[in-house]
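Chemist: Below are the structure tokens for one structure; questions will follow.
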4 protein chains.
Amino acid sequence: MGRKWRFGMVGGGKDAFIGQVHRIAAQMDGQAELVCGAFSSTKQRSFESGAELGLTGERVYGTYREMMRKEAALSDELKPDFIAIVTPNNMHYPVSMAALEAGFHIVCDKPLSRSLDEAVNLEKKIRQCKRLFCLTHNYTGYPMVKQARAMVADGTIGRIRRVVVEYPQGWLAQRLETKGQKQATWRTDPKRAGGSCCMGDIGTHCANLAEYITGLHIDELCADLATFVKGRPLDDDGSVLLRFNNGARGVLWASQIAVGKENGLNIRIFGEKGGLEWRQEEPNTLLVHHLDRATEIFRTGTGFAGPEAAAVTRLPAGHPEGYLEAFANIYRSFFQALEAVAGEGKLKENDYDYPNIHDGVRGMRFLEAVVRANSAPEKWLKIDA
Amino acid sequence: MGRKWRFGMVGGGKDAFIGQVHRIAAQMDGQAELVCGAFSSTKQRSFESGAELGLTGERVYGTYREMMRKEAALSDELKPDFIAIVTPNNMHYPVSMAALEAGFHIVCDKPLSRSLDEAVNLEKKIRQCKRLFCLTHNYTGYPMVKQARAMVADGTIGRIRRVVVEYPQGWLAQRLETKGQKQATWRTDPKRAGGSCCMGDIGTHCANLAEYITGLHIDELCADLATFVKGRPLDDDGSVLLRFNNGARGVLWASQIAVGKENGLNIRIFGEKGGLEWRQEEPNTLLVHHLDRATEIFRTGTGFAGPEAAAVTRLPAGHPEGYLEAFANIYRSFFQALEAVAGEGKLKENDYDYPNIHDGVRGMRFLEAVVRANSAPEKWLKIDA
Amino acid sequence: MGRKWRFGMVGGGKDAFIGQVHRIAAQMDGQAELVCGAFSSTKQRSFESGAELGLTGERVYGTYREMMRKEAALSDELKPDFIAIVTPNNMHYPVSMAALEAGFHIVCDKPLSRSLDEAVNLEKKIRQCKRLFCLTHNYTGYPMVKQARAMVADGTIGRIRRVVVEYPQGWLAQRLETKGQKQATWRTDPKRAGGSCCMGDIGTHCANLAEYITGLHIDELCADLATFVKGRPLDDDGSVLLRFNNGARGVLWASQIAVGKENGLNIRIFGEKGGLEWRQEEPNTLLVHHLDRATEIFRTGTGFAGPEAAAVTRLPAGHPEGYLEAFANIYRSFFQALEAVAGEGKLKENDYDYPNIHDGVRGMRFLEAVVRANSAPEKWLKIDA
Amino acid sequence: MGRKWRFGMVGGGKDAFIGQVHRIAAQMDGQAELVCGAFSSTKQRSFESGAELGLTGERVYGTYREMMRKEAALSDELKPDFIAIVTPNNMHYPVSMAALEAGFHIVCDKPLSRSLDEAVNLEKKIRQCKRLFCLTHNYTGYPMVKQARAMVADGTIGRIRRVVVEYPQGWLAQRLETKGQKQATWRTDPKRAGGSCCMGDIGTHCANLAEYITGLHIDELCADLATFVKGRPLDDDGSVLLRFNNGARGVLWASQIAVGKENGLNIRIFGEKGGLEWRQEEPNTLLVHHLDRATEIFRTGTGFAGPEAAAVTRLPAGHPEGYLEAFANIYRSFFQALEAVAGEGKLKENDYDYPNIHDGVRGMRFLEAVVRANSAPEKWLKIDA
């Protein structure tokens, strides 16, 4: 197995959802160990969280700046290899910059930043610092997403013509943010979330998933964002027409007011010779359509799933692998890159299958374009490649 | 049961798909009888079809004009009550006009006509002639579509915010029209189909279904049509952003190149208090989402489905009712209107639950707007109410 | 199309469910016409039903005996070709005997009779009279059931090892028979239903479906019947272990107290090389499992379904064909046999794909064995071939 | 969070499937740490596995006896709190006995032992030693299984009448055991597996799941086991009729030759007022049937799932929790009991929701009865309570 990677965490205190997800995912396969953290914006809460996580007091911090400074000064045997950033969006950029300056690799939650400017700056900094950066577009970690991508790449469905990607949720159908629900509060606050709520939080997952599986780029788009819940300053629903760089057309929509929908990310892709359908809520199944024969049901763990899926599969077929396992697969790929850097000392980020800074910047280009397109009078708006 | 309604048919010869559907549907409940027809564009084929259908030679015709003239001259005990028009789109208008002049009520396949102008003229003519006109937007005949409409009307899901309606098919993913496939040939021919293939043939069903269930009107739209199969002069795929008259947003997409999809019409509607999901290929199930309790599975034939669904249900729950039964339900409503006209002599078309000339004209307004919007530089285009 | 077959009906008055099913099914394809009937046990109700069905008074009868006598005396151009028997079980035998004596072919609802003795007698009589006899085990009429049968026959799944067939319903979970529900009343009454309620009404469908698809015979069985609703004299639930003549094992269970289940007939078959799964409530889908490749979804109306399915398919793929269409397919096969008898004058019942008297007798052998096995001390009980 | 529980492992070397499952599950929530192990039957393989798992050489052992002896001699700060036994069945008993003698608590894979005698002895020993014993009937760890159990307990579905529990797999449809597949080899070997392959490996899960959810006991049974693959000495398929202690009837079947089925454990339960359906392969959904209203879809993580489900749910609704999470939930409950023992020093095993020695003995009683019933001439065989 080799060594265990040490990591610190910024954010992810007691009531946070995604911090615990990162901790379980990073450590699932016994390849990593949490060693320090600045878990909360208040010192006391940070220490409470640290204690719950079994950290000794000296490696729990009240601020991320303090943590970066002190941890960077530790010996190589002690200091973290990477920092996991699991804060609200507005902190992704400053914490990443600080971590880079302290010399750490980074795993960061999505979206990359509050603005495209920040994203571009961050990319520049990462290139300078020669550090690895992983953005947790976690849905690409599912085995059947890998299978789909491999089947596009090997020509199973032919040249792609149509892509439909959706992310319906219902949890913000009412004004939860005024009732102290922490997740709702920051996501609907422009200061912390950036220029978009729905599109930033889940629309970017759609765009990333579509580009990841198809290998195409969204070239132009036309957007219609809406805010249905009164008093909410950001979008809670939106639809986007897509045109891809190969001429394929698409629809992307995401909503946080789709009552009864939980976390309904799904994608359908149609090419000249076949089609693919995948749904996040039943993630171990991939439907594969063909021109002249019956639709096939590909399943995680089966002998006829390809090596790309097998490489991220932990269990025999029929033993459902879920969200945490997919999330852990992102970390697993990141650890392979860490291993390579540690071994060869060379950074070849593109050789590894995890969402990197380039994907993060693309996500911000998408998001910036969607928000701009929404109020533009023109029908179509280009995204820079 | 009362009387049997006599009907004649224009189109629907041997190889036609929809003619046989109309014949089975119209006669399923023993309320109608085919008495005459001009089944084909060639006299010989028309007679062959008539013979197969058990009609005597004197009531089979080589042209619809001859049929209208001769049948109108028959006695009241013999002549048809209505004409079923099941030709390619380009003949809907001239045959309807001829049938009206001959004094017959009409059941006509969709879309209403080749152009909006024809549609408007036809509506005027119908008002003058005081005849009943039924357009077979057959998907509104399913019991669970009625249930959905009733649940919107009674406020179960609250004010509507988002509508997603899709109609993926895959049968035109290759260039079938050059291989003598009759259905493909006329649908992809602008002379017979009108200004659109995909949107005219199936996109109009989407628009009609969305407006039927929600009781809303599409107010504005933004469209992106595509032709993926080379050499095809009309669209075989398209996406439309929708804005409804109450502020709801929506997405409508239809495709004939979605390999592996059969006849995947489906609709999802989300309101302030709940949501609804229905799929044509599993038509006896309606998912009903709620804000604060578990999603419910409504089913055709169950005791807890409402009276609107029960009225068009023939079998106990669990005995699947299909496409033909739904189609027959449209006829059944039309027969109720015929009955009322025959009884009271008064035309109150809006009292009956079948798609009428008004729906047909709306469909053409939608279609005309989609085609225009596709090449318009502006983002949004209004549809006249 | 050839001629229209004339038929009379015994049973099937106003409130009956199955009478209307037979009328729609028999007439769906325009190949048959109802000409006479004894629809009810009371003369007045029979006449009311006849009038509703558009029959003139002189061909509606108060008793089936009167009908047989008078209809047999009519001219060949008028008298019925066959009689549809849609009464409670206890009348199947006497009405069939009377119809045979009057010279008519027969379509009869299942189960064949109240007892195995009756069944055996009836078979003898049919052989003597050289009449056609069709028992409406209607579920074998579905296209995907034909597909399954063809795939077993052509070796797709190899030698069969395991069969699981289920028929859960929930409608008799409470004591409906004391509340005037007509369907419940006769089915739970030994005098009219025979020795079993649940197994006779729906268990026999399971046995028939399993033998039809697999081409095997149930050789031995072990049964456990239950009556859960107090005061009910017959079984409302039962489980049966099966051993087939090729060594395959199986489970058959049926229940009328499975709350929430509608008409959940389904079958799963596993062989040495593959497996098949079919559910009546979603009848247009057949899952096909393979040893070394992905499970396939076969669908009614697709180009890759075989000729056996295509022969009973009315619509393109994705246009759901339901219970009535499957029922009509049984009639359609029966009409082919009628045609052959009319043409060649020879009876070759086995050449036609509808359930015949042999299947009916097998059903009664199964039923008799199940009831006997239920109270037998031995574990296994043989069924005569 | 409190302390981390230290554990040792017996079995679970490199190619073993279930060892890795136990390691991930035990450590998922950061509550436990693997400290020692005897991972394989050969010393070298054991050390290789230990090294891969990051253990230092002095705590890896060539035999479990050596491990028990040396680990028991360590200080309280170092020695393991419990031993996880993940060997083939034949080792469960001797390793458990040794662990008890060494003073350790135990987590053991199922089935409990090779024979009922061993099981009874082990229970006695456990009572004497006052140690905790957890048997990983892991499927009871799923949130929707807890929900089902709670809904039975609170009367939602009324007095239970029928239970159907199935476990179809297809992986042993061919003679894998002669091809060096390790999982197949020991499971089909009577010396290592005990008296049953299919029923021991997966049938016992069915019985446990049915009794866990319903709170009932299987009272009598009638069994039919089969061996379809030639040369295999144990059953690879079997069906069992069940009678429960409240009079409910049931069917249990399991198969390893059901081609195309992966790990299809599922259960359906029908009571006087409702019904429940759960499938392991889509574990986050529970269907809840009612007498007089629509079927409901209960889902993991939703606000309307009850506290029993919420207590074992890690993620918001729509984020699939899978097999590993359910397995980890068993460990989590076991840790609560460890905590209590450590705190109060009192053993109250029944207060905690994990499968204990009593469940293990019941499983062996079931298994012994099934094997005996299979060859018994009588129809019904009692299971001791």
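Read the figures in this text as sums done on the coordinates, not as results from a lab. Being a predicted model, the structure only gives us computed values, none of them experimental. Please note: Cβ atoms are built from the backbone with ideal geometry, for glycine as well, and neighbour counts cover all protein chains shown.
Chemist: Kirkwood hydrodynamic radius for the range B:48-109: how many Å is it when counted over pairs of different Cα atoms?
Modeler: Taking every pair of different Cα atoms in the range B:48-109, averaging 1/r and inverting gives 12.2 Å.
Chemist: Per the Kirkwood definition applied to all pairs of different Cα atoms, how many angstroms is the hydrodynamic radius of the range D:13-155?
Modeler: One decimal place: 16.3 Å for the Kirkwood radius.
Chemist: Right, another one. Assuming R0 = 41 Å, what is the FRET efficiency of A:Lys179 and D:Lys346, from their Cβ-Cβ distance, to the nearest 0.05?
Modeler: So the FRET efficiency works out to roughly 0.50.
Chemist: Can you give me the Cα centroid spacing of the range D:170-201 and the range B:81-95 in angstrom?
Modeler: 67
Chemist: Quick one: Cα centre-to-centre distance for the range D:248-322 and the range D:333-385, in angstrom?
Modeler: The range D:248-322 and the range D:333-385 have Cα centres spaced 23 Å from each other.
Chemist: Mind checking the mean number of beta-carbon atoms from other chains within 10 Å of the Cβ atoms in A:167-174?
Modeler: If you average over the peptide's residues, the count of other-chain Cβ atoms is 4.
Chemist: In the Gaussian network model of chain A, springs joining C-alpha atoms below 10 Å, which of A:Pro143, A:Pro190, A:Pro316 carries the largest mean-square fluctuation?
Modeler: Fluctuation is largest for A:Pro316.
Chemist: Kindly identify the range A:157-312 as rounded, prolate or oblate by the Cα gyration tensor criterion: order the square roots of the eigenvalues as a ≥ b ≥ c, call it rounded if a/c is under 1.5, otherwise compare a/b with b/c, prolate if a/b is larger, else oblate.
Modeler: Taking the square roots of the gyration eigenvalues as a ≥ b ≥ c, the range A:157-312 is prolate.
Chemist: With r defined as the distance between the Cβ atoms of B:Arg159 and B:His358 and R0 fixed at 30 Å, what FRET efficiency is calculated, to the nearest 0.05?
Modeler: 0.80
Chemist: Counting other Cβ atoms within 10 Å, which GluC sites (Glu not before Pro) in the range A:284-385 have at most 15 and lie in a DSSP loop?
Modeler: Passing sites in the range A:284-385 do not exist.
Chemist: Suppose only helical runs count, i.e. DSSP H with n ≥ 4. What mean residue ellipticity at 222 nm does that imply for the protein assembly as shown under -39500 (n - 2.57) per run, divided by all residues and rounded to the nearest 500 deg cm²/dmol?
Modeler: Calculated at 222 nm, the ellipticity per residue is -10000 deg cm²/dmol.
Chemist: Moving to a separate point now. For the protein assembly as shown, take every pair of Cα atoms, bin their distances at 10 Å starting from 0, and report each bin as a whole percent.
Modeler: Computed distribution, short to long bins: 1, 7, 14, 19, 19, 17, 11, 6, 3, 1, 0, 0.
Chemist: Within the range C:311-337, which residues have the backbone N less than 14 Å from the label spot 7 Å out from B:Glu52 along Cα→beta-carbon, could you tell me?
Modeler: Residues passing the 14 Å test: C:314-315.
Chemist: Around B:Ala342, with a cut-off of 9 angstrom between Cβ atoms, what is the net charge of the other residues, counting Lys and Arg +1 and Asp and Glu -1?
Modeler: Local net charge: -2.
Chemist: Quick one: angle between helix B:357-375 and the longest Cα principal axis of chain B, in degrees between 0 and 90, rounded to 10, please.
Modeler: Helix B:357-375 and the main axis of chain B meet at about 60 degrees.
Chemist: Test of the criteria: in the range D:129-225, which GluC sites (Glu not before Pro) are in a DSSP loop and have at most 16 other Cβ atoms within 10 angstrom of their Cβ?
Modeler: Of the GluC sites (Glu not before Pro), not one in the loops of the range D:129-225 has a Cβ with at most 16 other Cβ atoms within 10 Å.
Chemist: Please report the net charge: other residues with Cβ closer than 14 Å to the Cβ of C:His205, K and R +1, D and E -1.
Modeler: Surrounding charge for C:His205 is -2.
Chemist: Same structure, new question: Could you give me the percent of Cα pairs per 20 Å distance bin for chain D, shortest bin first, beginning at zero and ending with the bin that holds the maximum distance?
Modeler: 28, 59, 12, 0
Chemist: For the range B:247-253, in order, what is each residue's ³J(HN,Hα) by Karplus, 6.51 cos²θ - 1.76 cosθ + 1.60 with θ = phi - 60°, in whole Hz (x at glycine and Pro)?
Modeler: x, 5, 10, x, 10, 10, 9
Chemist: Here's something else I'd like to know. Among B:Asp237, B:Asp351, B:Asp359, whose mean-square fluctuation peaks in a Gaussian network model of chain B (Cα, cutoff 10 Å)?
Modeler: The residue that fluctuates most here is B:Asp351.
Chemist: Considering amide H positions built from the backbone, and no H for Pro or chain starts, which residues 5 or more places from A:Leu55, or on another chain, come under 5 Å of its amide H?
Modeler: Amide H to amide H, under 5 Å and 5 or more residues apart or across chains, A:Leu55 pairs with nothing.
Chemist: A further question on this structure: Looking only at B:Tyr352, B:Tyr167, B:Tyr142, which one moves most when chain B is put into a Gaussian network model with springs between Cα atoms under 10 Å?
Modeler: Comparing B:Tyr352, B:Tyr167, B:Tyr142 in a Gaussian network model of chain B, the most mobile one is B:Tyr352.
Chemist: Kindly identify the range D:74-194 as rounded, prolate or oblate by the Cα gyration tensor criterion: order the square roots of the eigenvalues as a ≥ b ≥ c, call it rounded if a/c is under 1.5, otherwise compare a/b with b/c, prolate if a/b is larger, else oblate.
Modeler: oblate
Chemist: Something else: Quick check: from the Cα gyration tensor, does the range A:132-236 come out rounded (a/c under 1.5), prolate or oblate?
Modeler: Prolate shape, in that a/c is at least 1.5 and a/b is the bigger ratio.
Chemist: Take the alpha carbon atoms of the range B:15-59, find their center, do the same for the range C:1-74, and report the distance between the two centers in whole angstrom.
Modeler: Cα centres, the range B:15-59 to the range C:1-74: 25 Å.
Chemist: Give me the dipole magnitude in Debye, nearest 20, for chain D about the Cα centre, with unit charges on the beta carbon: positive for Lys and Arg, negative for Asp and Glu.
Modeler: It comes to approximately 520 debye.
Chemist: Taking each residue of C:243-250 in turn, how many C-beta atoms of other protein chains fall within 10 Å of its C-beta, and what is the average?
Modeler: Per-residue shielding by partner chains comes out at 2.
Chemist: Same structure again: Less than 11 Å Cβ to Cβ from B:Arg332, Lys/Arg counted +1 and Asp/Glu -1: what total charge do the surrounding residues give?
Modeler: Charge balance near B:Arg332 sits at -3.
Chemist: Using the number of other C-beta atoms within 10 angstrom as an exposure proxy, rank D:Cys36, C:Cys108, A:Cys129 with the fewest first.
Modeler: Ascending Cβ contact count within 10 Å gives the list A:Cys129, D:Cys36, C:Cys108.
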